[in-house]
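> Please read through the structure below; I'll follow up with questions.
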Amino acid sequence: MPSFKNLADLNKYINTKLIQSMDKVGETAKQHMYDYVKKEMESRPEDKLVYERTWEYLNSISRTKATYVYGAIVVFIEYNTDKIHPYITTDGTFNQHADLWNEDTSDFIPLWLEFGTDNDIHSHKPVGGLIDLEKWVKLNFKKELMNELRKLGIQTK
């Protein structure tokens, strides 16, 4: 670890390293969620009579870069619904990510799949990607952050 002329320089150094480490932890957490959701989706048969998977739900899993916000370093992991698109059909088959009236419902896809649906047209069991991610963070966050800080030369206990 380098030497510092004053506390402000030390603080700046530590915050820079924390942001770098949190960014890596955020990527690890995002990858964990992606792998979990992919495994859940692959374990469920695709009902090709009703729909064919676009995998946009899975590929919408995104994260922000680590940033310093009001005294905390944060990374957000989310479903980015801008990556989920409606597919309107005219051949009598069901729309994808749109309702029976051709209205875009893609913003609701993560909600419906995360928590499940129970309806007459097509019900879904919950996928639970965010719920699993929360469990993973509670069990692994401290260890992951400490490992990343050590890689940058900052010893932790």
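The numbers here are math on the coordinates, done by the rules we state, and not lab data. Given the structure is predicted, the values throughout are model-derived calculations rather than measurements. Every residue, glycine as well, gets a Cβ built from its backbone with ideal geometry; the counts of neighbours run over all protein chains shown.
> Taking neighbour Cβ counts within 10 Å as the exposure measure, how do THR90, THR28 sort from fewest upward? Intermediate results must be reported in sequence, preceding the final value.
Details: THR90 7, THR28 17.
Fewest-to-most ranking of THR90, THR28: THR90, THR28.
> What does the extension gain come out to for LEU152 and LEU139, with contour length at 0.36 nm per residue minus their alpha carbon separation?
2.4 nm
> In addition: In what order do ASP104, ASP82, ASP120 fall by count of nearby beta-carbon atoms within 10 Å, going from fewest to most?
ASP120, ASP82, ASP104
> Give the lysines reachable from LYS17 as a straight Cα distance under 30 Å; neighbours fewer than 8 places away on the same chain don't count.
Within the straight-line limit of under 30 Å, LYS17 reaches these lysines: LYS5, LYS30, LYS65, LYS135, LYS138, LYS142, LYS143, LYS151, LYS157.
> Let me ask something else. Treat the count of other C-beta atoms within 10 Å as a stand-in for reagent exposure and order LEU152, LEU145 from fewest to most.
Going from sparsest to densest Cβ surroundings: LEU152, LEU145.
> Sticking with this structure for a sec: Any idea which of TYR87, ASN11, ASN59 is furthest toward the positive side of the dipole for segment 7-151, if Lys and Arg beta-carbons carry +1 and Asp and Glu beta-carbons -1?
Looking along the dipole axis, the top candidate is ASN11.
> Something else: What percent do you get for the relative contact order of segment 7-151 when only Cα pairs under 8 Å and 6+ apart count?
Here the relative contact order equals 25 percent.
> Which angle between 0 and 90 degrees, to the nearest 10, do you get for helix 7-42 versus the longest principal axis of the chain when only C-alpha atoms count?
Roughly 30 degrees, rounded to the nearest 10.
> For the chain, modelled as a GNM with alpha-carbon contacts under 10 angstrom, which of GLY129, GLY26, GLY71 fluctuates the most?
Of GLY129, GLY26, GLY71, the most mobile in the Gaussian network model is GLY71.
> Calculate the dipole size of the chain relative to its Cα centre from +1 charges on Lys and Arg beta carbons and -1 charges on Asp and Glu beta carbons; express the result in debye to the nearest 20.
In total the dipole reaches around 1620 debye.
> Now, a different point. Per residue, what volume in Å³ does the convex hull of the Cα atoms of segment 7-151 enclose?
Numbers: hull volume 18.3 nm³, N = 145.
Per-residue hull volume (Cα only) is 126 Å³.
> Any idea what angle helix 129-151 forms with the longest principal axis of the chain, computed on alpha-carbon atoms, 0 to 90 degrees, nearest 10?
Helix 129-151 sits at roughly 30 degrees to that axis.
> Now for a separate question. So what's the back-of-envelope 222 nm ellipticity for the chain, counting only DSSP H runs of four-plus at -39500 (n - 2.57) apiece and dividing by all residues, rounded to 500? Let's see the in-between values first.
Working: 4 runs with 70 residues, N = 157.
It comes out at -15000 deg cm²/dmol, rounded to the nearest 500.
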